[in-house]
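Chemist: Can you read through this structure? Questions will come right after.
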Amino acid sequence: MTTSTAGNKLPNINGFQDMKPRHSLGYTVRHRVRTAIALTLAAMLMFAGTAAVATWLDVDGIIRNNSVNVIGQGSLDADTSIIDPNSGQPIEFVLIGQDSRDGAENQAIGGSFDDVVGNHQADTTMIAQISSDRKEINLVSIPRDSLVDVPQCETSKGKIPAQYNVMFNSIFADAYQTGGDLASAASCTLNAVNSLTGLNIQNFIVVDFAGLVKMIDAVGGVDLCIPQNVDDPYTGLKLDKGMHHLDGVAATQYARTRHGLGDGSDTSRTTRQQYLIKQLLSEALSKNLFTDTAQLYQLAKSALKSLNISQGMADTAALAGLAMSLKDFSMTNLQTQTVPVVQAPSDPNRSVWTDEADTLWEKMRDGKPIFASDDSSSDAATDSTDSNDDSNDANGDQSDGTTDDSSNEAPDPTTGLITKADGTLVDPSTGGTVDPEDGSIHDAVTGQYIGLADRYLNATVCAVPAKN
């Protein structure tokens, strides 16, 4: 719905320097994977290791076929140049997990109900920022149910006027419906992201349900610790408590289901999706580049076939160069966060961004790790991350960095958690409390789900040794 408010300037319509939006809202949906990071990073990392066996024309054809044009408007340049992985500059793009029920593969995961077939929703939206030295990656989630004010948008078939107080994922859906193509949906989403954050991102990557399934199957399935029995009548998925090796369909269904798990909310579901991401990346990165070359090549191809990449990144040489620059990247330097939120006064089912969101965007505009203190350098932040014993890798999503008085207590070397005198488990990265039954991390103040302590889950609930 488009509205006009007399006497008030529409916030963020002309860019970040306009007045703050009255409703830059965030719903605590954290890293709904479904695909974005797993597909993107695995594709980049694995491409480097399989370049020797891959036929250049084969890979180049896949990338070109999946290239999507950017529609010039507002902050977007339709003639954006190809990214330069050796420029010594940060590389930024928006990852969009598309909830599409088009095709049998997507319907097998998300369902084929009449009211969703043909719809295109931005089920996941994350901002990815790769540091100039390629040692750090920031991933910040913009929840799908956030209420935001967005600028006007140019689609392939007409203009969508500026809007107030709309759900974030409606930007993608409305633009797809109006323009009839992915270029419209992704370009409008990207332009809105820039307007709301003050960033100047020119590229995007879009993926759907079927993409994640293919990725998981390409590595031979993933190990997931299931902390409670699962019996989902909607998907037919039944799992007993314990460690399971799941194929792509079953793993994706588990990560998406809400029924009978946690509190049934989207926020609890996203903790499982974070866990799936990490288990998938762990499986992919454990492959031997020399003995598993053929499998890694298929993994890279599966990833690239599943991704729709904007024209500024859809270049074989550029992606190969970026992959090579990331070949020594450590998952401990992957820093993840959802926009800090509180419940919206106008709607208990929505949330508003807190003041900490401004600090978050400022760090990203400066190209800093999102958990680096204001007076620390990137190197210091890296050292801090390492000293937390892989806590970022272990716990997935992060909160606003709030910690408690546990800073002088050492994390357990196996679980990465701190045990307080009263037995409370604390995640040192977020300051959140950990549920000992299922490993979910909750904000110490609001109680909202903010992540999953996967190292704790694997080592205690399912009692399996960590991979080297």
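The values are calculated or read from the model by the stated rules, or taken from the named source; none is laboratory data. Since the model is a prediction, treat every value here as computed from it, not as a measurement. All Cβ positions, glycine included, derive from the backbone under ideal geometry; neighbour counts span all protein chains shown. For accessibility, only protein heavy atoms count, side chains too; no ligands or nucleic acids. Shrake-Rupley method; radii C 1.70, N 1.55, O 1.52, S 1.80 Å.
Chemist: Find the centroid of the Cα atoms in the stretch 146-191 and in the stretch 206-245, then give the distance between the two in whole Å.
Modeler: If you average the Cα positions of each part, the centres end up 32 Å apart.
Chemist: Solvent-accessible area per residue for the stretch 194-289 at a 1.4 Å probe radius, Å²?
Modeler: Here the per-residue accessible area is 32 Å².
Chemist: Can you tell me the dipole magnitude for the stretch 418-461 around its Cα centre, using point charges on the Cβ only (Lys, Arg +1; Asp, Glu -1), in Debye to the nearest 20?
Modeler: Rounded to the nearest 20 debye, it is 140 debye.
Chemist: Dipole of the stretch 64-366 (Lys/Arg Cβ +1, Asp/Glu Cβ -1, origin at the Cα centre): which of Ile127, Ser67, Phe93 lies farthest to the positive side?
Modeler: Value: Ser67.
Chemist: Let me ask another. Could you work out how far apart the two model spin labels at Asp347 and Thr359 are, taking each label as a point 7 Å from the Cα in the direction of the beta carbon, and quote it in nm?
Modeler: Result: 2.8 nm between the two label points.
Chemist: Now for a separate question. Once you place label points 7 Å from the Cα toward the Cβ at Ala410 and Ala463, how far apart are they in nm?
Modeler: For Ala410 paired with Ala463, the spin-label model returns 2.5 nm.
Chemist: Let me ask something additional. Pairs to check: Lys238/Lys420; Lys135/Lys301; Lys135/Lys420; Lys301/Lys327. Give those whose C-alpha atoms are more than 29 Å from each other in this structure.
Modeler: Correct reply: Lys238/Lys420; Lys135/Lys420.
Chemist: With the cut-off at 1.5 for a/c, could you classify the stretch 418-461 from its C-alpha gyration tensor as rounded, prolate or oblate?
Modeler: It is oblate, given that a/c is not under 1.5 and a/b is not larger than b/c.
Chemist: Let me ask something else. What is the dipole size for the stretch 64-366, taken about its Cα centre, with +1 at each Lys and Arg Cβ and -1 at each Asp and Glu Cβ, in debye to the nearest 20?
Modeler: With Lys and Arg at +1 and Asp and Glu at -1, about 520 debye.
Chemist: Using heavy-atom solvent-accessible surface (probe 1.4 Å) with all chains present, what is the largest-first order of His245, His259, His442?
Modeler: His245, His259, His442
Chemist: Classify the stretch 64-366: rounded, prolate or oblate, from the alpha-carbon gyration tensor (a ≥ b ≥ c, eigenvalue square roots; a/c under 1.5 rounded; otherwise prolate if a/b is larger than b/c)?
Modeler: rounded
Chemist: Quick check: at a probe of 1.4 Å, how many percent of the accessible area of the stretch 64-366 sits on carbon and sulfur atoms?
Modeler: Carbon and sulfur together cover 44 percent of it.
Chemist: Please identify which residues in the stretch 350-367 have an amide N closer than 20 Å to a label point set 7 Å out from the Cα of Val445, following the Cα→Cβ vector.
Modeler: Those under the cut-off are 350-363.
Chemist: Rank these by accessible area, largest first, 1.4 Å probe: Phe329, Phe204.
Modeler: Solvent-accessible surface, decreasing: Phe329, Phe204.
Chemist: For the stretch 418-461, calculate the relative contact order in percent as a whole number, restricting contacts to Cα pairs under 8 Å that are 6 or more residues apart.
Modeler: 24 percent
Chemist: Given the pairs Lys305/Lys363; Lys278/Lys363; Lys157/Lys368; Lys159/Lys363, which are separated by over 28 angstrom at their Cα positions?
Modeler: Correct reply: Lys305/Lys363; Lys157/Lys368; Lys159/Lys363.
Chemist: So if I place +1 on the C-beta of Lys and Arg and -1 on the C-beta of Asp and Glu, and nothing else carries charge, what would the dipole magnitude of the stretch 154-221 be about its Cα centre? I want it in debye, nearest 20.
Modeler: Result for the stretch 154-221 is approximately 100 debye, rounded to the nearest 20.
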